Amino acid sequence: PMFHFTPKRIEAHVCICFVAYKVYKELERLLKKNQSDLSVDKVLEIAKTVTTLKIKLPKTGQTVSKTMIITQNQKKIAHLFSDEFWKS
């Protein structure tokens, strides 16, 4: 349980809960629109196993990131990591 004693903290907690719910419902809508057979909870469960590596190159100082899609389940949700999926 969360114990918030000031109005500012209570409002912040409600705001965070609302944003989390909105993101959940948006993902649900996009999955349905793209005719995915996975539920939001299943997608979130799989997404927790996806790793992104960020490597800073020593000579140039440039940071390169690479999302590692390895398992079959991760491959099922790989399209969620593309910008095109979220533009629809």
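The set of residues in the range 62-75 being open to solvent by less than 60 Å² (accessible area, probe 1.4 Å) and either touching a Leu at 6+ places or on another chain (Cβ under 7 Å) or at pLDDT 95 or above (or both) is empty.
When you scan the range 76-85, how many residues do you find that are open to solvent by less than 60 Å² (accessible area, probe 1.4 Å), of a type outside the set (Gly, Ala, Ser) and within 13 Å of residue 50 (Cβ to Cβ)?
Initially, the range 76-85 is screened for residues open to solvent by less than 60 Å² (accessible area, probe 1.4 Å), giving 77-78, 80, 82, 85.
Then drop every residue that is not of a type outside the set (Gly, Ala, Ser), which leaves 77, 80, 85.
With the extra rule that they be within 13 Å of residue 50 (Cβ to Cβ), the set shrinks to 77, 80.
Result for the range 76-85: 2.
For the range 35-61, a tally of residues being in contact with a helix residue (DSSP H, G or I) (Cβ under 7 Å, 6 or more places away or on another chain) and exposed (fewer than 14 other Cβ atoms within 10 Å of the Cβ) returns 1.
Taking the range 22-36, which residues are among the hydroxyl-bearing types (Ser, Thr, Tyr) and outside any loop (DSSP other than H, G, I, E, B)? Answer for the range 22-36, where residues must be among the hydroxyl-bearing types (Ser, Thr, Tyr) and outside any loop (DSSP other than H, G, I, E, B): just 24. Restricting the search to the range 66-88, which residues are small (Gly, Ala, Ser) and within 16 Å of the chain's Cα centre (by Cα)? Listed by number, the residues that qualify are 78, 82.
The values are calculated or read from the model by the stated rules, or taken from the named source; none is laboratory data. Since we're looking at a predicted model, the values are computed, not measured. Every residue, glycine among them, receives a Cβ derived from its backbone with ideal geometry; neighbour counts consider all protein chains shown. Side chains included, ligands, DNA and RNA excluded: accessible areas come from the protein's heavy atoms. Shrake-Rupley method; radii C 1.70, N 1.55, O 1.52, S 1.80 Å.
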